[in-house]
Each structure stands twice: as C-alpha cells, then as structure tokens.
C-alpha cells in the first residue's frame, strides 16, 4: 500500500516571502499522480497543483510550483510571494495510475500554513 | 452548476442512532467518492462509484456503513448504530472518468458528532 508523509505539522512564513512544504511518499509503482490540495478553515478542499510521475518537468501554477524528485520519492510545494489568503491546511496526495478500479487518493496528514502579516 | 453539495453541513446524533448524509455531485461527473477526515488527519478514502456502480470499498467501510448512488446522480452514505469513533468530517468528491487524473472537486463536507 502507498503511504504519504508530510513531516511538517505547521509552517509559518511572512507575507510576500517564499515557503516550501515537504512531502514524501512510498510506492512500488512507476506510474502515478501526485497532488497538492489546500483546505482553508471550514471550507472545501481545493486542488492547487498536480504532477504526473512520467513527466520530468516540474509543474507550475502561477505562484505555486513543485519540486518532484521521483528517485527520492519527494514532492515538495513551493509557494512564492505568500499572501494572507494562502493560509490553510495543505495536503499532499497520491493516486495510482494502474487503473483496475483503484481510484482513491492517499493523503498525508497535512501541513498547517500560517501567513504572518 | 454550483459544485459538489453536501447535506447536512453538521449532524449531532446520539450513539446507537442511524444517520444518513447526501451528496450531489457536479451534474456531468460520473464518478463520485466518499472520504472521511478526522481531526488532525488527512482524508481517508471510503468508497467510490462510477455511475450507479460501487467499484471500490475501503476496509475502513465496516458493515455499519453503506453507500448508494441509485440513479447515478446523487449519493447517500448511511451509518447504522453510530459509535463515538464515527465522529468525523465526511467528504464527498466528484470527477468525470476521463478527467479523474486531473483531481477531484470536493464538497464542503458533513461534520458528524456522535455524543
């Protein structure tokens, strides 16, 4: 079974600064998808960014980018120019690409991101 | 379409009672998922449907839990004989089968408190 580990329960960053959230995962599969989701307090979970394992190029979405290291099984999220609205729980998630009905996401425990004005 | 809707938002029930939650996915999405999230944890996969067929169930889904999606549209999750350990946020998500690798759209969840 796959596991996802987020070793930082909480991170704090000054507004406009850059912060990196860590995620490692364990799998024996070669093809899979990785996601970062954002969950603001009492609000729904929102997809921030995704990465296909077969792509070497790191995904980027505006101020959000990832550092995907397949051999190291590492998938960190970098948030540039942090804004107050970025404050939330961030979850790293894994999805197998093997098909066959295995369609659930495996989530890490999350990192609570605090933005200091 | 306003996204994935879940009802109720909050539910308080006494131990031993049955509860039922509803999820209305985005209309064109044929895949629907249920997750459970306890305090301080990430969501845990429970089950998913493609149209009306339940294709996968987690070992977390005990015999007291049952989910249905009778017409391939909305879904219900029922918990019978609730226990305090069932207290959690129950999240629903949906996706179209050809876009599933692009991530899901989540609802705001139903927070269950068993007293």
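The values are calculated or read from the model by the stated rules, or taken from the named source; none is laboratory data. The shown structure was predicted, so the numbers you read here are calculated from the model rather than taken from an experiment. Every residue, glycine among them, receives a Cβ derived from its backbone with ideal geometry; neighbour counts consider all protein chains shown.
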Looking at the range B:10-42, which of the residues that are within 13 Å of chain A (Cβ to nearest Cβ) and exposed (fewer than 13 other Cβ atoms within 10 Å of the Cβ) is modelled with the highest pLDDT? B:10
Looking only at the range B:65-90, count how many residues are without any contact (Cβ under 8 Å) to a residue 60 or more places away in the chain and in contact with a strand residue (DSSP E or B) (Cβ under 6 Å, 6 or more places away or on another chain). 13
Quick test for you: out of A:72, A:16, pick the one residue that is within 20 Å of residue A:117 (Cβ to Cβ), over 11 Å from the mean Cα position of the chain (by Cα) and loosely packed, with under 13 Cβ neighbours inside 10 Å. A:16
Evaluation of residue A:34 against (1) within 28 Å of residue B:34 (Cα to Cα); (2) touching a strand residue (DSSP E or B) at 6+ places or on another chain (Cβ under 6 Å); (3) in a loop (DSSP other than H, G, I, E, B) (one fails), failing number: (3)
By residue number, the members of the range A:22-31 that are within 13 Å of another protein chain (Cβ to nearest Cβ) and either in a strand (DSSP E or B) or farther than 22 Å from residue A:114 by Cα (or both) are A:25, A:31
List the number of the failed condition for residue B:91; all other conditions in (1) closer than 27 Å to residue A:40 by Cβ; (2) within 10 Å of chain A (Cβ to nearest Cβ); (3) at pLDDT below 95 hold. (3)
Among the residues of the range B:50-57, is there at least one that is in a strand (DSSP E or B), facing another protein chain (nearest Cβ under 10 Å), in contact with a strand residue (DSSP E or B) (Cβ under 7 Å, 6 or more places away or on another chain) and in contact (Cβ under 8 Å) with a residue 24 or more places away in the chain? yes
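Quick grid of which residues meet (1) touching a strand residue (DSSP E or B) at 6+ places or on another chain (Cβ under 7 Å); (2) more than 14 Å from every other protein chain (Cβ to nearest Cβ); (3) surrounded by fewer than 19 Cβ atoms within 10 Å (Cβ to Cβ); (4) touching a residue at least 40 places away in the same chain (Cβ under 8 Å):
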position: A:39; (1), (2), (3), (4): yes, no, no, yes
position: A:51; (1), (2), (3), (4): yes, no, no, no
position: A:92; (1), (2), (3), (4): yes, no, no, yes
position: A:112; (1), (2), (3), (4): yes, no, yes, yes
Which of the numbered conditions does residue B:102 fail, given that it passes all the others? Conditions: (1) modelled with pLDDT under 95; (2) at the interface with another protein chain (Cβ under 9 Å from one of its Cβ atoms); (3) surrounded by 14 or more Cβ atoms within 10 Å (Cβ to Cβ). (3)
Yes or no: residue A:2 surrounded by 14 or more Cβ atoms within 10 Å (Cβ to Cβ) and under 12 Å from the mean Cα position of the chain (by Cα)? no
Of everything in the range A:37-55, what is under 13 Å from the mean Cα position of the chain (by Cα) and part of a loop (DSSP other than H, G, I, E, B)? Give them in sequence order. A:45
